Amino acid sequence: MRIATLQATLRLVRKTSIYLSEAEQRRLAALAGATGRSQSQLVRDAIAAYVPASDVRRFAMAGCANSGQPAAWSIADVPEEELLRGFGE
């Protein structure tokens with residue numbers, strides 16, 4: 001990696017430490033080797049996948065509060081019949 005690229009990257013990130021078990025560290029190292037990505041990038045990607053960015057807005061569908069669905073459900077999981085119920089009436 002060129003020095004200028006490394007310096008630019010370091011301006012965008014902050015160093016932190018995480019504690020992993022030996023098994024977790026081996027899995028992370030193996031995944032990094034298999035994908036050609038750094039362990040740091042894999043951790044950042046995992047965090048991004050687990051915790052949505054704060055600027056991502058989530059909307060609840062009106063009338064679904066009593067459906068028994070958990071708060072963080074996907075509309076893709078709702079049966080089409082339920083989505084269309086009452087449509088056009």
By residue number, the members of the stretch 20-35 that are over 15 Å from A46 (Cβ atoms) and either in a loop (DSSP other than H, G, I, E, B) or in contact with an Asp or Glu (Cβ under 7 Å, 6 or more places away or on another chain) (or both) are S21
Does A46 meet the test of being outside any loop (DSSP other than H, G, I, E, B) and at pLDDT below 80?
no
Given the conditions (1) closer than 20 Å to I18 by Cα; (2) at pLDDT 80 or above, every one holds for P79 apart from (1)
When every residue in the stretch 8-43 that is among the polar types (S, T, N, Q) and surrounded by fewer than 10 Cβ atoms within 10 Å (Cβ to Cβ) is compared, the one modelled with the lowest pLDDT is T16
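The values are calculated or read from the model by the stated rules, or taken from the named source; none is laboratory data. In this text the structure is predicted, and so the values were computed from the model without any measurement. A quick note on method: Cβ atoms are made from the backbone with ideal geometry, for glycine too, and the neighbour counts reach across all protein chains shown.
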